[in-house]
Structures are given as C-alpha cells and as structure tokens.
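What follows is a single structure, written as structure tokens, with notes after it.
The values are calculated or read from the model by the stated rules, or taken from the named source; none is laboratory data. Keep in mind the model is a prediction, meaning the values are calculated, not measured. In this analysis, Cβ positions are derived from the backbone assuming ideal geometry, glycine residues included, and neighbour counts consider all displayed protein chains.
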Amino acid sequence: MEYLNDEQATFFTWCDEILSAHVYREGMTLSHWHPRKKRDGQYELVIELGQPEGVPLRQVVAIPEQFHDLLEREYFICHPDDEKE
C-alpha cells in the first residue's frame, strides 16, 4: 500500500500490528475496525472480531498520542464514543 507520508505509514503499520495481535485464535476473523475519538479528546482503535462460536467480540485499544494530530487532520471518522458496546 502506498502512503502519502511517513506519518501515515507509521500509523497504519501500528494499526496492522495491533490488529494482528487481536486476531490470534484459529477461526477468529476481523469484521471491522475504526478509530474513535472519546469525549476527553483521546483516540482509541475499536476492533470488531468474529469468533468461531459466532459471538462477536469488541476490543478497544488506546491510540498513542503521537497519532492524534494525524487523526484530527486526515482520518477522523465520526464514531460517537457512546455507541452501544
């Protein structure tokens, strides 16, 4: 994948590593992921996983502050932090 700059490449490499770490069990599938801004201004990565048992699993990982400006400028998609868990 081509990135516009090193900051994007670093962010998406970080995301790939986090996602890979969460899709660790046989049969686990990645359904969806997205960054989300919390009311306190911090960002988190929301990961939706499918499990062999059919029960969806949601994991949330704090996004390091080094990526917050990037998300503010380019990638923030409005996902309210109070969406149903």
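Could you grab the pairs with beta carbons closer than 6 Å, sequence gap of 6+ or different chains, first residue in segment 36-50 and more than 15 Å from D69 (Cα to Cα), second one at pLDDT below 95 and of a type in the set (K, R)?
As it stands, the answer is V46/R36; E48/R58, since those pairs meet every condition given.
Identify the single condition in (1) over 29 Å from L4 (Cα atoms); (2) under 15 Å from the mean Cα position of the chain (by Cα) that T29 does not satisfy, given that it satisfies every other one.
Going through the list (1) over 29 Å from L4 (Cα atoms); (2) under 15 Å from the mean Cα position of the chain (by Cα), T29 breaks only (1).
Report the residue count in segment 49-74 for those that are of a type in the set (G, A, S) and over 17 Å from F11 (Cβ atoms).
2
Are any residues in segment 18-53 of a type outside the set (A, V, I, L, M), out of contact with any strand residue (DSSP E or B) (no Cβ under 6 Å at 6 or more places or on another chain) and at negative phi, and if so, which ones?
Passing the criteria: S20, Y24, R25, E26, K38, R39, D40, Q42, P52, E53.
Could you tell me whether segment 22-31 includes any residue that is under 20 Å from D69 (Cβ atoms) and acidic (D, E)?
The answer is no; no qualifying residue exists.
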